[in-house]
Amino acid sequence: MKEIVNGVFYCGYRDKERQVFDQLVPLTQGTSYNSYLIKGSEKTALIDTMYAKFDDAYIKNIVDFGVNIDVIVSNHAEPDHSGAIPKLLKVFPNARVMCSQKCADNLENMLHVDRTYIDVVNDGDSISLGNKTLQFIMAPWVHWPDTMFTFCKEDNALFTCDFFGAHYTNFDIFADKSADLVKSAERYYAEIMMPFRNFCVKYLAKVLQMNVDLILPSHGPVYKGSEDVKFITDLYSKWTSPDVSRKVIVAYISMYDSSKVMSEYLAEKLRKASVDVALVDISEADEGEIAEQLIDAAGIVFGTSMVLAGPHPKTPYVAMLANILRAKIKFYAVIGSFGWGGNLSGVIDSAFSIIKPKKFADVIVKGRAKSEDFSALDELAENIIKELPTK
Ligand code: FEO
């Protein structure tokens with residue numbers, strides 16, 4: 001139990017062993033499940049709790065601290081933060097769970113929390129812990145419909161749950177502002193928040209307007225003081241911007257190098273025109289790396305072998321990823337090679353059911369690319385360059 005400011009303690013857990021999040025994004029150093037204990041002069045509250053896998057040690061730590069829990073604020077019902085609530089209620093049966101209406105529904109459905117323990121709160125509602133006041137701010141869709149923030153007025157501290165989180169464990173309490181933290185927060189944003197970019201813009205503006213002294217997310221470090229708050233809010237301003245960079249992802253997979261040669265040729269052509277090219281071998285890249293690249297890419301080129309009359313199945317998977325993450329990409333193209341026949345781009349086209357990037361003409365060749373095929377790639381490069389911002 002470490003004190004952050006007077007009466008506000010960190011009681012989370014850094015799970016350095018966790019390898020993957022949401023069974024989707026590999027983690028480079030695990031993640032943390034942050035929980036905060038606020039000891040008021042009259043009542044004690046928890047802000048978010050713990051992944052159930054670690055609930056025994058978490059609850060023991062609270063019990064050993066010698067406090068009674070009166071209030072359990074659940075900013076969001078996802079089990080990495082709410083999993084310990086059922087056991088907490090057994091240890092502290094008089095505690096009231098405070099959360100949004102949608103969170104109450106989720107806690108009941110997902111964790112079988114009895115409704116009689118729950119007090120639904122609305123935007124602007126507040127409770128007193130004595131010398132500390134907690135105010136609830138509804139923030140739906142960053143990143144679930146149930147999400148809210150909790151604001152401690154006396155400490156000018158905002159508990160933002162997943163918003164501003166990072167899959168980062170190399171911290172004591174506060175942000176070190178290292179390149180490693182930026183990378184972890186970026187990967188986190190790309191997977192968790194990017195699909196809700198417009199809502200992030202809305203709530204980022206709200207946070208900036210509040211001019212808080214502390215941002216306490218439920219993953220990663222705490223941001224304390226104006227410099228640290230600016231550090232994370234500036235990153236979110238950049239990532240949530242509607243603008244794209246002069247950047248193209250060339251995501252390729254190649255069985256016998258034909259598609260690889262085409263992809264590398266196109267990448268080089270674009271680089272010569274000062275385009276930032278992320279040449280990604282999707283047979284090796286993880287989803288987090290691709291998601292990170294999608295934050296500001298203007299477009300994506302899929303370079304793929306034909307496998308059994310369609311693209312290599314890993315290729316439409318990348319298109320699906322870009323689609324569900326609501327990437328800002330403006331265009332895409334399919335290039336590649338086949339042996340005897342099939343449809344290389346149809347499955348990729350149909351993957352874009354939500355976002356609607358413009359499509360350039362396919363460059364699909366039989367066997368190895370010949371001079372006319374490289375000319376077609378030159379033309380594709382020129383068309384791509386015309387679509388890019390100048391800098
Ligand atoms: Fe970290 Fe949406 O839970």
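The values are calculated or read from the model by the stated rules, or taken from the named source; none is laboratory data. Remember, it's a predicted structure, so these values are computed and weren't measured experimentally. Cβ sites come from the backbone with ideal geometry, for glycine too, and all protein chains shown count toward neighbours. Accessible surface is based on the protein model in full, side chains and every heavy atom, while ligands, DNA and RNA are left aside. Shrake-Rupley method; radii C 1.70, N 1.55, O 1.52, S 1.80 Å.
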Report, to one decimal in Å, the Kirkwood hydrodynamic radius for the chain based on all distinct Cα pairs. 22.6 Å
Give me the distance between the Cα centres of the stretch 33-55 and the stretch 147-221, rounded to whole Å. 18 Å
Of the listed links Lys102/Lys202; Lys328/Lys391; Lys39/Lys230; Lys53/Lys90; Lys260/Lys386; Lys2/Lys224, those spanning more than 22 angstrom between alpha carbons are Lys39/Lys230; Lys260/Lys386
Can you work out ³J(HN,Hα) from phi for every residue in the stretch 302-308, in order, using Karplus 6.51 cos²θ - 1.76 cosθ + 1.60 and θ = phi - 60°, giving whole Hz and x for Gly and Pro? 9, x, 9, 6, 7, 10, 6
Please flag any cysteine in the chain that has no other cysteine's Cβ under 4.7 angstrom from its own Cβ. Cys11, Cys152, Cys161, Cys200
Would you rank Ser283, Ser100, Ser41 by solvent-accessible area, highest first, keeping every protein chain in place and using a 1.4 Å probe? Ser41, Ser283, Ser100
Degrees, to the nearest 10: 314-324 long Cα axis against longest axis of the chain: 50 degrees
What's the local net charge at Ser337, with K and R +1, D and E -1, over the other residues with C-beta under 10 Å away? +1
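More than 27 Å apart: what percent of Cα pairs in the stretch 248-387 qualify? It would help to have the intermediate numbers written out before the result.
Values: 944 of 9730 pairs.
Counting every Cα pair in the stretch 248-387, those more than 27 Å apart make up 10 percent.
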Could you give the distance between the Cα centres of the stretch 305-348 and the stretch 61-95, to the whole Å? 46 Å
Total charge of the residues flanking Ser41 in space, meaning their Cβ is under 11 Å from its Cβ, with Lys and Arg +1 and Asp and Glu -1, is +1
Hey, what's the Cα Rg ratio for the stretch 1-91 versus the globular rule of thumb, 2.2 N^0.38 Å? 1.10
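What is the sum of charges around Asn122, taking Lys and Arg as +1, Asp and Glu as -1, for the other residues whose C-beta is under 14 Å from the C-beta of Asn122?
-3
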Hey, what do the phi angles of the stretch 106-117 turn into as Karplus ³J(HN,Hα) couplings, whole Hz, using 6.51/-1.76/1.60 and θ = phi - 60°, x for Gly and Pro? 5, 4, 5, 6, 8, 10, 6, 6, 5, 4, 5, 8
Write down, largest first, the equivalent ellipsoid semi-axes of the stretch 34-75 in whole Å, where each equals the square root of 5 times an eigenvalue of the alpha-carbon gyration tensor. 17, 13, 7
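How do Glu379, Glu292 stack up against each other in accessible area, from largest to smallest, with a 1.4 angstrom probe?
The ranking, largest first, comes out as Glu379, Glu292.
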Helix 197-210 versus the longest principal axis of the chain: what angle, 0 to 90°, nearest 10, using Cα atoms? 40 degrees
Determine the share of the chain's accessible area contributed by carbon and sulfur atoms, expressed in whole percent, with a 1.4 angstrom probe. 50 percent
Please sort by residue number the trypsin sites (Lys or Arg not before Pro) in the stretch 70-135 whose DSSP state is loop and whose Cβ has at most 10 other Cβ atoms within 10 Å. none
Degrees, to the nearest 10: 55-65 long Cα axis against longest axis of the chain: 40 degrees
